[in-house]
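The structure appears below as C-alpha coordinates.
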Amino acid sequence: SLPKEVTMIEVGPRDGLQNEKSLIPTEVKIAFINALKDAGLKEMELTSFVSPKWVPQMKDAEAVLEHCLDKRRNFVLAPNQKGVERFYQSGAGHIAVFVGVSDSFNKKNINKTTEESMIELKPLIRDLKENGKFVRACISTAFFCPYEGKVSIEDTVKLCETFAAYGVDELSVADTVGMANPKHVHELFTVLKPSLPESVLLTGHFHNTRGMALANIYASLEAGISRFDSSAGGLGGCPFAPGASGNVATEDVLFMLAEMEIETGVNIEKVVSAVDLVAPYMSRPLDSKIYHLRENI
Ligand code: HMG
Ligand code: MG
(Lines give C-alpha, C1' and ligand atoms only; values in the text may rest on other atoms or scores of the structure.)
(Ligands and ions follow the chains in the order given, each with its own letter.)
Protein backbone atom coordinates (compact mmCIF):
# COMPACT_ATOMS: atom_id res chain seq x y z
CA SER A 1 0.00 0.00 0.00
CA LEU A 2 1.13 3.57 -0.63
CA PRO A 3 2.39 5.80 2.21
CA LYS A 4 -0.02 8.42 3.64
CA GLU A 5 2.77 10.98 4.06
CA VAL A 6 5.88 11.81 2.06
CA THR A 7 8.90 13.93 3.01
CA MET A 8 10.25 16.20 0.29
CA ILE A 9 13.93 17.17 0.36
CA GLU A 10 14.44 20.32 -1.70
CA VAL A 11 17.69 20.30 -3.71
CA GLY A 12 17.03 23.36 -5.91
CA PRO A 13 19.49 25.74 -4.22
CA ARG A 14 22.29 23.15 -4.68
CA ASP A 15 21.65 20.67 -7.53
CA GLY A 16 19.37 23.21 -9.19
CA LEU A 17 21.85 26.05 -9.37
CA GLN A 18 25.27 24.31 -9.55
CA ASN A 19 25.15 23.82 -13.32
CA GLU A 20 24.35 27.45 -14.21
CA LYS A 21 27.37 29.10 -15.80
CA SER A 22 26.66 32.73 -14.91
CA LEU A 23 26.95 33.51 -11.23
CA ILE A 24 23.66 34.10 -9.43
CA PRO A 25 23.90 36.83 -6.77
CA THR A 26 24.22 35.43 -3.25
CA GLU A 27 21.22 37.54 -2.09
CA VAL A 28 19.05 35.88 -4.74
CA LYS A 29 20.10 32.43 -3.53
CA ILE A 30 19.28 33.40 0.05
CA ALA A 31 15.86 34.77 -0.94
CA PHE A 32 15.17 31.56 -2.91
CA ILE A 33 16.07 29.38 0.10
CA ASN A 34 13.94 31.47 2.47
CA ALA A 35 10.95 31.37 0.11
CA LEU A 36 11.24 27.58 -0.17
CA LYS A 37 11.40 27.26 3.62
CA ASP A 38 8.36 29.47 3.87
CA ALA A 39 6.55 27.06 1.51
CA GLY A 40 6.96 24.35 4.16
CA LEU A 41 10.06 22.51 2.94
CA LYS A 42 11.77 21.32 6.13
CA GLU A 43 14.75 19.55 4.56
CA MET A 44 16.94 21.19 1.96
CA GLU A 45 20.38 21.03 0.34
CA LEU A 46 21.56 24.64 0.58
CA THR A 47 24.95 24.59 -1.13
CA SER A 48 28.21 22.62 -1.55
CA PHE A 49 31.70 22.75 -0.15
CA VAL A 50 33.47 21.79 -3.36
CA SER A 51 36.37 23.28 -5.29
CA PRO A 52 35.50 26.75 -6.63
CA LYS A 53 37.59 25.86 -9.69
CA TRP A 54 35.41 22.84 -10.43
CA VAL A 55 32.03 24.39 -9.58
CA PRO A 56 32.31 28.21 -9.48
CA GLN A 57 28.58 28.67 -8.78
CA MET A 58 29.01 27.18 -5.27
CA LYS A 59 31.95 29.36 -4.23
CA ASP A 60 29.73 31.56 -2.04
CA ALA A 61 28.76 28.58 0.15
CA GLU A 62 29.90 30.17 3.43
CA ALA A 63 28.08 33.43 2.65
CA VAL A 64 24.85 31.57 1.85
CA LEU A 65 25.03 29.54 5.06
CA GLU A 66 25.71 32.57 7.20
CA HIS A 67 22.14 33.70 6.49
CA CYS A 68 20.31 30.41 6.14
CA LEU A 69 21.17 28.07 9.00
CA ASP A 70 18.30 27.35 11.38
CA LYS A 71 16.94 24.36 13.27
CA ARG A 72 15.83 22.49 10.14
CA ARG A 73 17.73 19.84 8.18
CA ASN A 74 19.90 22.16 6.11
CA PHE A 75 22.27 19.93 4.17
CA VAL A 76 25.60 21.03 2.75
CA LEU A 77 27.43 18.77 0.28
CA ALA A 78 31.07 17.85 0.84
CA PRO A 79 33.07 15.25 -1.10
CA ASN A 80 36.39 15.17 0.79
CA GLN A 81 38.42 16.14 3.86
CA LYS A 82 38.71 19.78 2.82
CA GLY A 83 34.93 19.96 2.38
CA VAL A 84 34.35 18.41 5.80
CA GLU A 85 36.75 20.94 7.39
CA ARG A 86 34.75 23.79 5.83
CA PHE A 87 31.58 22.10 7.11
CA TYR A 88 32.82 22.08 10.73
CA GLN A 89 33.88 25.73 10.38
CA SER A 90 30.42 26.73 9.15
CA GLY A 91 28.61 25.36 12.19
CA ALA A 92 26.09 23.47 10.02
CA GLY A 93 24.57 20.33 11.48
CA HIS A 94 23.71 18.23 8.42
CA ILE A 95 26.17 17.09 5.79
CA ALA A 96 25.72 15.24 2.51
CA VAL A 97 28.69 13.28 1.21
CA PHE A 98 28.55 12.01 -2.36
CA VAL A 99 30.02 9.09 -4.26
CA GLY A 100 29.23 7.42 -7.57
CA VAL A 101 28.72 3.66 -7.85
CA SER A 102 30.70 3.68 -11.09
CA ASP A 103 34.40 4.54 -11.08
CA SER A 104 34.31 6.45 -14.36
CA PHE A 105 31.66 8.86 -13.10
CA ASN A 106 33.28 9.26 -9.69
CA LYS A 107 36.61 10.12 -11.37
CA LYS A 108 35.01 12.77 -13.57
CA ASN A 109 33.05 14.19 -10.61
CA ILE A 110 35.57 14.08 -7.75
CA ASN A 111 38.80 12.89 -9.33
CA LYS A 112 38.98 9.62 -7.37
CA THR A 113 37.87 6.03 -7.86
CA THR A 114 34.83 4.96 -5.83
CA GLU A 115 37.09 2.95 -3.52
CA GLU A 116 39.50 5.86 -2.99
CA SER A 117 36.54 8.06 -2.04
CA MET A 118 35.24 5.45 0.40
CA ILE A 119 38.67 5.12 2.05
CA GLU A 120 38.77 8.91 2.52
CA LEU A 121 35.18 9.12 3.78
CA LYS A 122 35.23 6.28 6.34
CA PRO A 123 37.10 8.10 9.16
CA LEU A 124 35.41 11.41 8.25
CA ILE A 125 31.96 9.88 8.73
CA ARG A 126 33.04 8.28 12.02
CA ASP A 127 34.14 11.71 13.32
CA LEU A 128 31.00 13.41 12.04
CA LYS A 129 28.84 10.89 13.91
CA GLU A 130 30.96 11.30 17.06
CA ASN A 131 30.31 15.03 16.78
CA GLY A 132 26.55 14.48 16.56
CA LYS A 133 26.17 15.48 12.91
CA PHE A 134 23.48 14.07 10.61
CA VAL A 135 25.14 12.34 7.65
CA ARG A 136 23.40 11.80 4.34
CA ALA A 137 25.14 9.91 1.56
CA CYS A 138 24.19 10.68 -2.04
CA ILE A 139 24.70 7.65 -4.28
CA SER A 140 25.23 8.82 -7.85
CA THR A 141 24.89 6.55 -10.90
CA ALA A 142 22.86 4.10 -8.79
CA PHE A 143 21.02 2.94 -11.92
CA PHE A 144 23.00 4.10 -14.91
CA CYS A 145 26.38 5.68 -15.63
CA PRO A 146 26.84 8.07 -18.57
CA TYR A 147 30.25 6.48 -19.24
CA GLU A 148 29.73 2.79 -18.35
CA GLY A 149 26.03 2.16 -19.06
CA LYS A 150 23.65 0.19 -16.85
CA VAL A 151 24.79 -0.25 -13.25
CA SER A 152 23.98 -3.56 -11.58
CA ILE A 153 21.65 -3.76 -8.60
CA GLU A 154 24.35 -5.74 -6.75
CA ASP A 155 26.95 -2.96 -7.11
CA THR A 156 24.54 -0.29 -5.87
CA VAL A 157 23.32 -2.40 -2.93
CA LYS A 158 26.92 -3.19 -1.95
CA LEU A 159 27.93 0.48 -1.83
CA CYS A 160 24.81 1.37 0.16
CA GLU A 161 25.52 -1.44 2.65
CA THR A 162 29.08 -0.15 3.11
CA PHE A 163 27.79 3.37 3.82
CA ALA A 164 25.26 1.92 6.30
CA ALA A 165 28.12 0.11 8.06
CA TYR A 166 30.01 3.44 8.23
CA GLY A 167 27.02 4.81 10.18
CA VAL A 168 25.26 7.19 7.77
CA ASP A 169 21.74 8.33 8.67
CA GLU A 170 20.37 8.54 5.14
CA LEU A 171 21.03 7.23 1.64
CA SER A 172 19.81 9.26 -1.33
CA VAL A 173 19.78 6.91 -4.29
CA ALA A 174 20.24 8.87 -7.51
CA ASP A 175 19.43 8.44 -11.17
CA THR A 176 22.08 10.97 -12.18
CA VAL A 177 21.29 11.20 -15.90
CA GLY A 178 17.60 10.25 -15.92
CA MET A 179 18.00 6.81 -17.51
CA ALA A 180 16.23 4.71 -14.85
CA ASN A 181 12.86 3.13 -15.57
CA PRO A 182 10.09 2.27 -13.08
CA LYS A 183 10.74 -1.49 -13.23
CA HIS A 184 14.44 -1.08 -12.42
CA VAL A 185 13.61 1.41 -9.64
CA HIS A 186 11.07 -0.94 -8.08
CA GLU A 187 13.51 -3.86 -8.24
CA LEU A 188 16.38 -1.89 -6.71
CA PHE A 189 14.39 -0.55 -3.76
CA THR A 190 12.75 -3.93 -3.17
CA VAL A 191 16.20 -5.52 -2.82
CA LEU A 192 17.85 -2.57 -1.05
CA LYS A 193 15.29 -1.86 1.67
CA PRO A 194 15.55 -5.17 3.59
CA SER A 195 19.35 -5.19 3.22
CA LEU A 196 19.76 -2.04 5.36
CA PRO A 197 19.10 -1.35 9.04
CA GLU A 198 15.60 0.11 9.49
CA SER A 199 17.10 3.24 11.07
CA VAL A 200 18.71 4.29 7.75
CA LEU A 201 16.40 6.65 5.84
CA LEU A 202 16.05 5.81 2.15
CA THR A 203 15.41 8.56 -0.39
CA GLY A 204 14.89 8.62 -4.16
CA HIS A 205 16.66 11.29 -6.30
CA PHE A 206 15.41 11.39 -9.88
CA HIS A 207 16.51 13.55 -12.80
CA ASN A 208 13.84 14.06 -15.44
CA THR A 209 16.00 13.96 -18.57
CA ARG A 210 13.65 11.56 -20.37
CA GLY A 211 10.44 12.48 -18.58
CA MET A 212 10.43 9.35 -16.42
CA ALA A 213 10.95 10.86 -12.98
CA LEU A 214 7.31 10.88 -11.83
CA ALA A 215 6.85 7.28 -12.97
CA ASN A 216 10.02 6.39 -11.07
CA ILE A 217 8.69 8.11 -7.97
CA TYR A 218 5.45 6.16 -8.23
CA ALA A 219 7.43 2.91 -8.54
CA SER A 220 9.42 3.93 -5.45
CA LEU A 221 6.23 4.62 -3.47
CA GLU A 222 5.03 1.12 -4.36
CA ALA A 223 8.34 -0.26 -3.07
CA GLY A 224 7.82 1.49 0.29
CA ILE A 225 9.92 4.65 -0.21
CA SER A 226 8.48 7.84 1.28
CA ARG A 227 11.29 10.41 0.90
CA PHE A 228 12.15 12.18 -2.37
CA ASP A 229 14.65 14.78 -3.50
CA SER A 230 13.29 17.32 -5.96
CA SER A 231 14.16 20.73 -7.29
CA ALA A 232 11.79 23.70 -7.50
CA GLY A 233 11.29 24.66 -11.14
CA GLY A 234 12.90 21.39 -12.28
CA LEU A 235 16.29 23.10 -12.18
CA GLY A 236 19.50 21.18 -12.03
CA GLY A 237 21.97 18.66 -13.27
CA CYS A 238 25.50 17.64 -12.49
CA PRO A 239 28.17 19.49 -14.52
CA PHE A 240 30.20 16.26 -14.77
CA ALA A 241 27.35 14.05 -16.01
CA PRO A 242 26.95 14.68 -19.74
CA GLY A 243 23.30 14.50 -20.76
CA ALA A 244 21.90 15.12 -17.29
CA SER A 245 19.05 17.59 -17.14
CA GLY A 246 17.14 18.92 -14.18
CA ASN A 247 15.81 17.14 -11.14
CA VAL A 248 12.13 16.35 -11.13
CA ALA A 249 10.27 19.60 -10.35
CA THR A 250 9.15 19.90 -6.72
CA GLU A 251 5.81 21.39 -7.78
CA ASP A 252 5.15 18.51 -10.21
CA VAL A 253 5.75 15.95 -7.47
CA LEU A 254 3.60 17.96 -5.05
CA PHE A 255 0.76 18.04 -7.57
CA MET A 256 0.88 14.29 -8.14
CA LEU A 257 1.02 13.50 -4.42
CA ALA A 258 -1.79 15.94 -3.55
CA GLU A 259 -4.03 14.37 -6.21
CA MET A 260 -3.24 10.98 -4.65
CA GLU A 261 -4.15 12.35 -1.19
CA ILE A 262 -0.62 11.86 0.11
CA GLU A 263 0.37 14.56 2.63
CA THR A 264 3.59 16.59 2.29
CA GLY A 265 2.88 19.73 4.31
CA VAL A 266 4.26 21.85 1.44
CA ASN A 267 2.36 24.70 -0.24
CA ILE A 268 2.53 24.30 -4.01
CA GLU A 269 1.66 27.95 -4.86
CA LYS A 270 4.45 29.18 -2.59
CA VAL A 271 6.95 26.84 -4.30
CA VAL A 272 5.90 28.26 -7.69
CA SER A 273 6.42 31.81 -6.37
CA ALA A 274 9.87 30.85 -5.05
CA VAL A 275 10.83 29.74 -8.57
CA ASP A 276 9.95 33.23 -9.86
CA LEU A 277 12.87 34.59 -7.82
CA VAL A 278 15.49 32.57 -9.72
CA ALA A 279 13.78 32.07 -13.11
CA PRO A 280 15.29 35.29 -14.61
CA TYR A 281 18.81 33.93 -13.96
CA MET A 282 18.30 30.54 -15.62
CA SER A 283 19.87 29.88 -19.01
CA ARG A 284 17.50 27.02 -19.89
CA PRO A 285 13.70 26.80 -20.08
CA LEU A 286 12.25 25.39 -16.86
CA ASP A 287 11.29 21.71 -17.04
CA SER A 288 8.16 21.90 -14.93
CA LYS A 289 4.58 21.30 -16.03
CA ILE A 290 2.97 22.92 -13.01
CA TYR A 291 5.12 26.06 -13.11
CA HIS A 292 3.93 26.77 -16.66
CA LEU A 293 0.29 25.83 -15.85
CA ARG A 294 0.30 27.93 -12.69
CA GLU A 295 -3.00 29.75 -13.35
CA ASN A 296 -4.77 26.41 -13.56
CA ILE A 297 -3.50 24.43 -10.56
P1 HMG B 1 41.14 17.82 -7.13
O2 HMG B 1 41.62 18.80 -8.13
O3 HMG B 1 41.52 16.38 -7.31
O4 HMG B 1 41.48 18.30 -5.65
O5 HMG B 1 39.55 17.92 -7.08
P6 HMG B 1 42.81 18.35 -4.81
O7 HMG B 1 42.56 17.65 -3.53
O8 HMG B 1 43.97 17.93 -5.65
O9 HMG B 1 42.90 19.92 -4.53
C10 HMG B 1 43.08 20.85 -5.59
C11 HMG B 1 42.68 22.23 -5.12
O12 HMG B 1 41.31 22.26 -4.75
C13 HMG B 1 43.44 22.69 -3.87
O14 HMG B 1 43.53 24.10 -3.94
C15 HMG B 1 42.49 22.34 -2.76
O16 HMG B 1 42.65 23.12 -1.60
C17 HMG B 1 41.15 22.66 -3.39
P18 HMG B 1 44.83 24.83 -4.53
O19 HMG B 1 45.96 24.34 -3.65
O20 HMG B 1 44.99 24.38 -5.96
O21 HMG B 1 44.50 26.28 -4.40
N22 HMG B 1 40.04 21.90 -2.78
C23 HMG B 1 38.92 22.45 -2.29
N24 HMG B 1 38.51 23.72 -2.19
C25 HMG B 1 37.32 23.94 -1.61
N26 HMG B 1 36.51 22.95 -1.13
C27 HMG B 1 36.90 21.68 -1.21
C28 HMG B 1 38.14 21.38 -1.81
N29 HMG B 1 38.81 20.24 -2.04
C30 HMG B 1 39.97 20.56 -2.62
N31 HMG B 1 36.10 20.69 -0.72
C32 HMG B 1 37.51 17.84 -5.79
C33 HMG B 1 38.81 17.13 -6.18
C34 HMG B 1 36.68 16.85 -5.04
C35 HMG B 1 37.87 19.03 -4.93
C36 HMG B 1 36.82 18.34 -7.10
O37 HMG B 1 36.73 17.27 -7.97
C38 HMG B 1 35.43 18.88 -6.83
O39 HMG B 1 35.27 19.92 -6.21
N40 HMG B 1 34.38 18.19 -7.30
C41 HMG B 1 33.00 18.60 -7.02
C42 HMG B 1 32.12 18.11 -8.07
C43 HMG B 1 30.70 18.52 -7.78
O44 HMG B 1 30.41 19.42 -7.01
N45 HMG B 1 29.75 17.84 -8.46
C46 HMG B 1 28.35 18.12 -8.30
C47 HMG B 1 27.76 17.61 -7.02
S48 HMG B 1 27.39 15.85 -7.07
C49 HMG B 1 25.89 15.76 -7.93
O50 HMG B 1 25.42 16.72 -8.45
C51 HMG B 1 25.18 14.44 -7.93
C52 HMG B 1 23.97 14.39 -6.96
O53 HMG B 1 23.02 15.40 -7.26
C54 HMG B 1 23.31 13.01 -7.07
C55 HMG B 1 23.04 12.64 -8.54
O56 HMG B 1 22.16 13.26 -9.16
O57 HMG B 1 23.78 11.75 -9.00
C58 HMG B 1 24.42 14.57 -5.51
MG1 MG C 1 21.51 15.24 -8.81
Does the range 90-97 include one or more residues that are over 28 Å from residue 279 (Cβ atoms), part of a loop (DSSP other than H, G, I, E, B), in contact with a strand residue (DSSP E or B) (Cβ under 8 Å, 6 or more places away or on another chain) and at pLDDT 95 or above?
yes
List the residue pairs whose Cβ atoms are under 8 Å apart, where the first residue sits in the range 234-259 and is closer than 22 Å to residue 20 by Cα, the second is away from ligand 2 (no atom under 11 Å from the Cβ) and in a strand (DSSP E or B), and the two are 6 or more positions apart or on different chains.
234/249; 248/228; 250/8; 250/10
Among 42, 29, 4, 21, which is farther than 20 Å from residue 228 by Cβ and surrounded by fewer than 18 Cβ atoms within 10 Å (Cβ to Cβ)?
21
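Residue-by-condition table, conditions (1) over 17 Å from residue 65 (Cβ atoms); (2) within 16 Å of ligand 2 (Cβ to nearest atom):
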site: 7; (1), (2): yes, no
site: 11; (1), (2): no, yes
site: 15; (1), (2): no, yes
site: 22; (1), (2): yes, no
site: 29; (1), (2): no, no
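Of all residues in the range 261-297 being of a type in the set (Lys, Arg) and not in a loop (DSSP other than H, G, I, E, B), which is surrounded by the most Cβ atoms within 10 Å (Cβ to Cβ)?
270
Please specify each residue of the range 236-260 satisfying the condition of being aliphatic (A, V, I, L, M) and either part of a strand (DSSP E or B) or within 16 Å of ligand 1 (Cβ to nearest atom) (or both).
Of the residues in the range 236-260, the ones aliphatic (A, V, I, L, M) are 241, 244, 248-249, 253-254, 256-258, 260.
The answer is 241, 244, 248, 249, 253.
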Suppose we filter the range 168-212 for residues that are without any contact (Cβ under 8 Å) to a residue 60 or more places away in the chain, within 16 Å of ligand 2 (Cβ to nearest atom) and over 20 Å from residue 135 (Cβ atoms); how many remain?
9
Inside the range 51-71, can you point out the residues that are within 16 Å of ligand 2 (Cβ to nearest atom) and assigned to a helix (DSSP H, G or I)?
57, 58
Could you give every pair whose Cβ atoms fall below 6 Å, whose first residue belongs to the range 103-117 and is surrounded by fewer than 18 Cβ atoms within 10 Å (Cβ to Cβ), and whose second residue is basic (Lys, Arg) and at pLDDT below 95, counting only separations of at least 6 or pairs across chains?
none
Residue list for the range 130-166, filter: away from ligand 1 (no atom under 15 Å from the Cβ) and surrounded by 15 or more Cβ atoms within 10 Å (Cβ to Cβ)
133, 134, 153, 157, 161, 162, 164, 166
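Mind telling me which of the residues 81, 57 ends up being more than 27 Å from residue 284 (Cα to Cα), modelled with pLDDT of 95 or more and within 16 Å of ligand 1 (Cβ to nearest atom)?
Details: 57 fails: more than 27 Å from residue 284 (Cα to Cα).
None of the other options fit; the residue is 81.
The values are calculated or read from the model by the stated rules, or taken from the named source; none is laboratory data. Bear in mind that the values here come from a model prediction, so they are computed numbers and not experimental data. With ideal geometry, Cβ positions are generated from the backbone for all residues, glycine too; neighbour counts draw on all protein chains shown.
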